[in-house]
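Input: a single structure, listed below in structure tokens.
The values are calculated or read from the model by the stated rules, or taken from the named source; none is laboratory data. Here the structure is a predicted model, which is why all the values come from computation and not from measurement. All Cβ positions, even for glycine, are placed from backbone atoms using ideal geometry, and neighbour counts span all protein chains on display. What goes into the accessible areas is simple: the full protein's heavy atoms, side chains included, and nothing from ligands, DNA or RNA. Shrake-Rupley method; radii C 1.70, N 1.55, O 1.52, S 1.80 Å.
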Amino acid sequence: KKPQEENRRSHGSDGFGGDNFFDHDAHQTTDNENSQERLNLLQLVHTLFQRAPVLNSSYIISLFALSIGMSVVESLIFLYFEFLGGSNTMFGLTVSVTVLFEIPLFQFAPDVLKWLGSPVLMLQWGAVAYVVRVIGYSFIPQSHPYWVLLLEPLHGITIAFVVTSSVVVADSWVPKGYEASGQGFLSMIRGLGQFVGFCVAGYLDGRTLYRVLAAIVTVGISILGMGTYCSATKKENQSYDAAVEIT
């Protein structure tokens, strides 16, 4: 019986719960990982500047600038609403309005992308919606805090357009099979922008803060516009256009 017991132990019990079952999966995963060379951060950045360097660089700068502004709105906006005289009920209503508009906008974002024809243009429109929103915040009088509800739908446009645009851009400039690495890199850029945004919010507050954030995002939009114009002559945006056709 000992040889039979050793045989059963080596093969596992019906393929479940046995050590050999997990060893097989581990070897298979390792083989799959080794079948494709990994990209480190430097190689990823090199790929970025190798393909459409002007357009990609301006896109990253614009996304970084927009992340500076979005970090404050997403995390600290209730402090400003409180400054305007808003109540907890109003805080809940603002969240409800943004979510109600985000759901259909995400649903139709691919169609909007095809209609615009470029993820770069989609990011620009999302950034414009942000600028209009925060400038509007800065002019709302303290006696009328509920006026912010008229501006909350713009948050849905910003979120849906920026997320959709960044996914398409990341897929277009990294080699096939590295899409997650491309999106991870853009997530890192957004994280750095959020850090800078919180630092800015530590020095400024009130209406001045949101006007400065609007100026920062506007500079990012302008840089992206110039990058798009310069890259058009070099036909760098062809990879982006091809990605739109695939979506």
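The table below lists the values:
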item	result
Unique residue being in a helix (DSSP H, G or I) and modelled with pLDDT under 90 when the list is Thr218, Thr233	Thr233
Yes/no for Phe108 being touching a helix residue (DSSP H, G or I) at 6+ places or on another chain (Cβ under 7 Å) and open to solvent by 10 Å² or more (accessible area, probe 1.4 Å)	no
Inter-residue pairs, beta-carbon under 8 Å, first without any contact (Cβ under 8 Å) to a residue 24 or more places away in the chain and within 15 Å of Met90 (Cα to Cα) and in the stretch 144-159, second of a type in the set (A, V, I, L, M, F, W, C) and outside any helix (DSSP H, G or I), 6+ apart	Trp147/Ile140
Meets criteria (farther than 29 Å from Val54 by Cα, modelled with pLDDT under 95 and part of a helix (DSSP H, G or I)) for Phe101	yes
Those residues of the stretch 144-158 which are assigned to a helix (DSSP H, G or I) and in contact with a Lys or Arg (Cβ under 6 Å, 6 or more places away or on another chain), in sequence order	Leu154
Subset of the stretch 197-210 (residues that are surrounded by fewer than 16 Cβ atoms within 10 Å (Cβ to Cβ) and either hydrophobic (A, V, I, L, M, F, W, C) or at positive phi (or both))	Phe198, Cys199, Leu204, Gly206
Checklist (1) in contact (Cβ under 8 Å) with a residue 40 or more places away in the chain; (2) assigned to a helix (DSSP H, G or I); (3) surrounded by 14 or more Cβ atoms within 10 Å (Cβ to Cβ) applied to Phe78, failing item	(1)
Lone qualifier among Gly92, Gly85 - being small (Gly, Ala, Ser), out of contact with any Asp or Glu (no Cβ under 8 Å at 6 or more places or on another chain), touching a residue at least 60 places away in the same chain (Cβ under 8 Å) and open to solvent by 20 Å² or more (accessible area, probe 1.4 Å)	Gly85
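A quick yes/no check of all residues on (1) in a loop (DSSP other than H, G, I, E, B); (2) under 19 Å from the mean Cα position of the chain (by Cα); (3) touching a residue at least 40 places away in the same chain (Cβ under 8 Å); (4) surrounded by 16 or more Cβ atoms within 10 Å (Cβ to Cβ):
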position	(1), (2), (3), (4)
Gly126	no, yes, yes, yes
Ala129	no, yes, no, yes
Gln142	yes, no, yes, no
Asp171	no, yes, yes, yes
Pro175	yes, no, yes, no
